[in-house]
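Single-structure report; data block below.
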């Protein structure tokens, strides 16, 4: 399906959003035009909803520095995380024009796995996509492959960070989520779901589709034609696509390390705008989970 073209109306809406941004001194003032258009597209060009989404997008990020801070794609920890994880946007959309995104462990060693670092890496690739890809899709379909994921990986999940991740992805991430596929579900799936359920909206829960190991049920939803070789498709090897995206992230190092593009200054927030109130009710320090 061809890329969506920007209409004159969308260009006018972009200018209106920029005029509004200029009156919001607490928000970044140098947001990429493609990202602004992505916000508009996600909310079907509703200006008021888009304003709220932009504010929430940056506010949550500023209150979640564990996930969205210290994002240098060339530091040692990030480079190591690129080796441990395969986080790969696929090049061809589905017949419904949905964008596919595969997430899996490249190295199943739980001693190397860092939950917070994995989220940070995930969003670095997602943020690179949002400015590199000029076409907008009708929806988003993440595919989480749990092969190699063990109870020891699960114990490394920290609840306050998980809550921030779930709030951000459900309320502030500028994509139209359509389906969520979980491949190679482990025998302890019930424990995974018990962990997620308190933070998951019912609309998101209804999008979940689970697939047993060695099953072909994924193909009931997604054609092999748009999947990589590793999943029975023919759009190329995941490893090659991954290397391409890692290089794209590295090429945007200045984008990630420029705090003026990401930080909210609460001291400058207009008094009538209350999005800056504390968003995360779960206080205190949780260590890692204990699994019985």
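Values quoted throughout were computed directly from the atomic coordinates according to the rules given, and no laboratory measurement underlies them. Remember, it's a predicted structure, so these values are computed and weren't measured experimentally. A quick note on method: Cβ atoms are made from the backbone with ideal geometry, for glycine too, and the neighbour counts reach across all protein chains shown.
Scan the range 179-208 for residues that are in contact with a strand residue (DSSP E or B) (Cβ under 6 Å, 6 or more places away or on another chain) and surrounded by fewer than 17 Cβ atoms within 10 Å (Cβ to Cβ) and the total you get is 2. If you go through the range 190-232 and keep only what is in a helix (DSSP H, G or I) and over 22 Å from the mean Cα position of the chain (by Cα), you end up with 190, 191, 217, 219, 220, 224, 225, 229, 230. Scanning the range 134-150 for residues that are assigned to a loop (DSSP other than H, G, I, E, B) and in contact with a strand residue (DSSP E or B) (Cβ under 8 Å, 6 or more places away or on another chain), which turns out surrounded by the fewest Cβ atoms within 10 Å (Cβ to Cβ)? Only one residue fits best here, namely 147.
In this entry, residue 131 passes the filter for residues that are within 30 Å of residue 42 (Cβ to Cβ), in contact with a helix residue (DSSP H, G or I) (Cβ under 8 Å, 6 or more places away or on another chain) and in a helix (DSSP H, G or I).
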